[in-house]
Every structure is written in C-alpha cells, then in structure tokens.
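Working notes for the structure below.
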Amino acid sequence: MDLVTLLLGGAAVTAKIAAGAAVLALLLALPLGLGRSSRSAAIRVPCVAYIEFFRGTSLVVQLFWLYFVLPQLGIRMEAMTVAILGIALNYGAYGAEVVRGALQSVPQGQVMAARALGLSPWGVLRHVVAPQAMTIFVRPWGNLMIQLLKATSLVSLITIADLTYRAYQMHQLTMRTVPIFGAVLVIYFVMAQCIALATTLADRRFGRWRHVRAQA
Amino acid sequence: MNPTGVWDWAFAWSILPQLLHAGVYTVIATVLSFVGALLIGLPLALGRDAAHRPLRLVTGAVVEGVRSTPILVQVYFLYFVLPQAGIVLPALAVGVLALSVHYGTYVSEAYRAGIASVTQGQRDAAAALGLSPRATFFSVVLPQAIPPVVPALGNYLIALFKETPLLSAIAIVELLQTAKIIGSETFRYNEPITLVGLILLALSLVSAALIRRVERWSYRWR
C-alpha cells in the first residue's frame with residue numbers, strides 16, 4: 001500500500017512536469033513553426049537554426065547542460081524549472097515541425113483565393129489556413145505529447161523525484177524489482193493512454209472539418 | 001591542471017581524446033541497437049498482421065506497451081530483472097537489448113506501413129506464378145516494402161542515436177557518462193558537457209546527411 005502511495009506521488013510530479021512542458025512547448029512550437037515556413041530569410045534562418053540545434057543534440061545532454069553548466073555561468077534555477085524548461089525547449093523544436101507540416105498541408109490555392117478575396121495575411125492565417133491545418137495538426141501533436149510524457153522520465157537523472165526516480169530509489173531499498181518497475185510501467189502506460197484518448201476526442205472535434213473539405 | 005574561468009580551452013582540448021574515445025562506444029551502441037531493432041521489428045510486424053488472432057493480439061499488446069512506456073524505465077527493468085532471472089550480461093549488452101526492443105516496436109510499425117503499401121496485384125501475380133507464400137513474401141513483397149519506409153527508418157536511427165546518453169544511467173561509459181566522470185574528478189562540467197553536446201550535434205548532422213543519400217539511393221528501386 002505504501003509502495004502505491006509513493007509511486008502515485010511520483011506520478012503526480014511526472015504529470016506536473018509533462019503538463020507544464022506541454023503548454024510551454026506549444027507556445028514555442030507555434031511561432032517557430034510559422035517562422036520556419038516564412039518566406040523572409042531573416043525570420044526563417046534563426047527558426048531553422050533553433051529547431052536543428054535542439055533536435056540535433058540529445059535531450060538528456062540538454063538537461064545536464066541546463067542543470068550543471070548554467071549555474072556556473074551565474075544562472076541558477078530550481079531543478080523543477082530546469083526540467084520543465086529543458087523538455088519544453090526540446091519538444092518545442094519537434095513541435096515546430098508538426099506545426100509546419102500541418103500548415104503545409106493546406107493547399108496553396110486556398111491562400112491565393114483568400115488573398116484574392118482581400119483578406120489580410122493575418123486574416124488568411126486566422127480564418128483560412130489555421131482551421132484547415134488544425135485538422136491535420138491534432139494527431140501528430142498527440143503522438144508528440146506521448147513522446148514528451150515518456151521523455152519526462154529523464155528528469156530523474158537530474159535528481160527530480162518523479163515516477164522513475166521514486167521507482168529507482170524504492171528499488172534500491174527493497175530490491176523488489178518486478179513489482180516496482182512493473183507498476184511504474186503500468187502507470188506510464190495508463191498516462192499515455194489518457195493522452196491518446198484526449199487526442200482521439202480532439203481529433204473528432206477538429207477532424208470533422210476534414211469531411212467538409214473532402215466534399216468541397 | 002587547474003582549469004580557470006567559464007571556459008578553459010586548454011582543459012577542453014585535454015579532455016577531447018577521452019570524449020572521442022567514449023564517442024566510439026556511443027556509435028557502437030547505436031549501430032548494434034539499430035541492427036537489433038531492424039531484426040526484432042520484422043517478426044513484430046508479421047505477428048501484428050498475422051491471420052492467427054491470439055498471436056495478433058499479443059503482438060499488438062507488446063508493441064503498444066513498449067511504445068507507451070519510457071525507455072529509461074525499460075533499461076532499468078532489464079538491468080535489474082535479468083540478473084535476478086540468472087542472466088548476467090554486461091551493462092552495454094543490456095542497454096543494446098533495451099534500445100533494440102524499444103526501437104524494434106517503432107520499426108515494426110514502419111515495416112507494416114511498407115508491407116501494406118505493396119498492392120494486392122503483386123501478391124496475386126506471385127500466387128498465379130506459383131510462388132510459395134514464403135517466396136512471395138521474401139522475394140516480392142519485402143523488397144518493395146522496404147524502400148518507401150527508408151526515410152522513416154533513418155529518422156528512427158537518429159532518434160535512437162540521441163537516446164544513447166541515457167545509457168549513462170546504468171553506468172555504460174559512453175559520451176555522457178565519460179563527461180560526468182570528468183566532471184566529478186575535476187569539478188568542471190562546462191567543458192565536458194558542452195563538448196558532448198557538440199559531438200552529438202556533429203554526429204547527428206553527419207548521419208542525417210548520410211541518410212538523405214541512402215534515401216536517394218533507395219528511390220532508384222521504386
């Protein structure tokens with residue numbers, strides 16, 4: 001019983017980090033994805049550089065860098081902040097590619113037609129491109145969020161008492177390997193299924209426009 | 001040696017050989033794990049599309065279960081459980097095994113997509129020519145199924161490569177573990193961890209370029 005309580009405490013930490021990082025990653029991914037698709041090189045190049053840098057170096061190394069190196073440069077953050085920020089910076093880069101893919105799925109003719117009808121560039125994005133891109137966006141974003149959930153286990157390596165850390169610690173104390181890690185795998189699985197379910201529901205909500213498009 | 005300042009070039013230079021040597025282990029772990037994943041992926045793909053219903057359900061459960069849980073926990077699980085079952089393997093073998101199984105499930109989904117993309121007419125034609133189901137699969141379906149999924153496989157290779165630093169959690173002396181050791185000996189983390197990041201970035205950019213070449217090569221078979 002004690003085991004379950006302790007693990008659920010760790011699961012709460014994992015959920016908190018995943019939720020915080022997911023929100024921040026979305027806030028990063030939207031402008032990066034838009035900037036990545038920009039025709040202006042001054043906007044596009046920095047976005048590409050950011051995306052390639054964060055996708056090219058490993059998340060574990062990025063977390064270590066934020067945790068060990070930044071304090072020596074005079075920037076001190078709580079481990080929890082490092083965890084959420086590190087995962088968000090990394091998944092923001094992956095998310096930007098999802099945003100770009102969704103934007104590119106909207107046929108160029110739609111943009112031209114909207115411009116011809118006199119919509120401003122912002123109006124085109126807001127009323128024409130975004131609603132259609134949304135239908136494509138939801139599924140890959142949901143998959144990415146499952147990846148993000150799994151990636152939160154890496155924060156245990158920078159001393160945060162998340163689900164994985166608790167399991168490791170309790171294992172060191174009790175050596176009851178199978179029940180502890182078995183339970184942890186089940187908890188992660190259930191959390192991932194929750195994200196998958198949310199994705200399906202969101203896809204049903206936004207995906208209905210796909211039929212409209214198919215008929216048009 | 002007593003490194004000074006935020007960044008000490010002499011210190012960075014002095015630890016570079018040690019890190020590059022560790023990089024060899026990172027590359028070895030990546031290559032072995034990827035080959036393992038390619039091999040494990042095939043039976044998983046076949047099992048998931050098998051006519052035998054229980055086999056299909058079990059394979060599906062395994063693939064979904066492995067894909068929905070963190071690789072780090074799987075690494076710990078294997079690392080601690082295998083010795084209790086009387087199987088004592090070096091840490092590197094355990095790490096490679098865990099990465100192979102984890103990425104094998106991803107690879108299996110890519111294989112399935114590739115196999116599904118081979119049209120029924122190809123199978124019908126092979127059957128009409130009197131090929132056995134086995135020959136049909138290995139000589140007709142599989143050679144056409146792989147090239148379209150080469151880009152996906154390439155992406156998994158790079159993803160796998162970037163997962164290898166987590167093997168430091170079970171004390172495999174790859175890049176990050178070496179950086180941690182240097183850090184704990186010298187009390188300096190700036191240079192070792194930054195260099196690890198740069199080495200990984202360089203290797204992943206190079207391998208991405210190589211994969212684009214393999215992709216172009218594989219398109220010839222379409």
Complete set of residues in segment B:32-54 that are touching a Leu at 6+ places or on another chain (Cβ under 9 Å) and closer than 21 Å to B:Ser207 by Cα: B:Leu32, B:Ser33, B:Phe34, B:Gly36, B:Ala37, B:Leu38
Testing A:Gly118 on (1) assigned to a helix (DSSP H, G or I); (2) on the phi > 0 side of the Ramachandran plot, one condition comes back false. Which one is that? (1)
Which of the residues belonging to segment A:91-108 are within 11 Å of the chain's Cα centre (by Cα) and either within 11 Å of A:Phe54 (Cα to Cα) or among the small types (Gly, Ala, Ser) (or both)? A:Tyr91, A:Gly92, A:Ala93, A:Tyr94, A:Gly95, A:Ala96
Flagged in segment B:36-73 as in contact with a Phe, Trp or Tyr (Cβ under 7 Å, 6 or more places away or on another chain) and away from chain A (no Cβ under 14 Å), in numbering order, are B:Ala37, B:Gly41, B:Leu42, B:Ala45
Go through the residues of segment A:22-38 one by one and say whether even a single one is buried (at least 17 other Cβ atoms within 10 Å of the Cβ), under 15 Å from the mean Cα position of the chain (by Cα) and closer than 22 Å to B:Val73 by Cα. yes
Can you name every residue in segment B:108-140 that is more than 24 Å from the chain's Cα centre (by Cα), touching a residue at least 12 places away in the same chain (Cβ under 8 Å) and surrounded by 16 or more Cβ atoms within 10 Å (Cβ to Cβ)? B:Val118, B:Arg123, B:Ala126, B:Thr136, B:Val140
With A:Val212, A:Val111 as the choices, which residue is β-branched (Val, Ile, Thr) and at pLDDT 90 or above? A:Val111
Give all pairs with beta carbons closer than 6 Å in which a residue from segment A:184-207 that is polar (S, T, N, Q) meets a residue that is assigned to a helix (DSSP H, G or I); count only pairs at least 6 apart in sequence or on separate chains. A:Thr199/A:Gly142
Given the conditions (1) in contact with a Leu (Cβ under 9 Å, 6 or more places away or on another chain); (2) within 27 Å of A:Ala19 (Cα to Cα); (3) surrounded by 17 or more Cβ atoms within 10 Å (Cβ to Cβ), report the number of the one that A:Phe181 does not fulfil. (1)
Condition test on B:Ala152, is it assigned to a helix (DSSP H, G or I) and within 30 Å of B:Ile15 (Cα to Cα)? no
Only one of (1) free of Cβ contacts under 8 Å to residues at least 60 places away in the same chain; (2) more than 30 Å from B:Ile172 (Cβ to Cβ); (3) not small (Gly, Ala, Ser) fails for B:Glu64. Which number is that? (2)
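I need the full set of residues from segment B:43-95 which are among the aromatic types (Phe, Trp, Tyr) and over 19 Å from B:Thr105 (Cα atoms), in order please.
The initial filter retains those residues of segment B:43-95 that are among the aromatic types (Phe, Trp, Tyr), namely B:76-77, B:79-80.
Correct list: B:Tyr79, B:Phe80.
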If you scan segment A:127-161, which residues turn out to be more than 18 Å from the chain's Cα centre (by Cα) and not polar (S, T, N, Q)? A:His127, A:Val128, A:Val129, A:Ala130, A:Pro131, A:Leu157, A:Ile158, A:Ile160, A:Ala161
Take the residues of segment B:185-197 that are in a helix (DSSP H, G or I) and more than 21 Å from A:Gly86 (Cβ to Cβ): which is nearest to the other protein chains (Cβ to nearest Cβ)? B:Thr186
Hey, any hits in segment A:75-94 for a residue that's more than 18 Å from A:Ile17 (Cβ to Cβ) and not small (Gly, Ala, Ser)? yes
Residues located in segment B:198-212, provided they are at the interface with chain A (Cβ under 10 Å from one of its Cβ atoms) and β-branched (Val, Ile, Thr): B:Ile199
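Okay, residues lined up against (1) over 16 Å from B:Gly65 (Cα atoms); (2) at the interface with chain B (Cβ under 10 Å from one of its Cβ atoms); (3) surrounded by 15 or more Cβ atoms within 10 Å (Cβ to Cβ):
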residue	(1), (2), (3)
A:Val128	yes, no, yes
A:Leu154	yes, yes, yes
A:Leu157	yes, yes, yes
A:Leu163	yes, yes, yes
A:Met175	yes, yes, no
A:Arg204	yes, no, no
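The values are calculated or read from the model by the stated rules, or taken from the named source; none is laboratory data. Given the structure is predicted, the values throughout are model-derived calculations rather than measurements. Don't worry about glycine lacking a Cβ; one is built from the backbone with ideal geometry, like all the others, and counts go over all protein chains shown.
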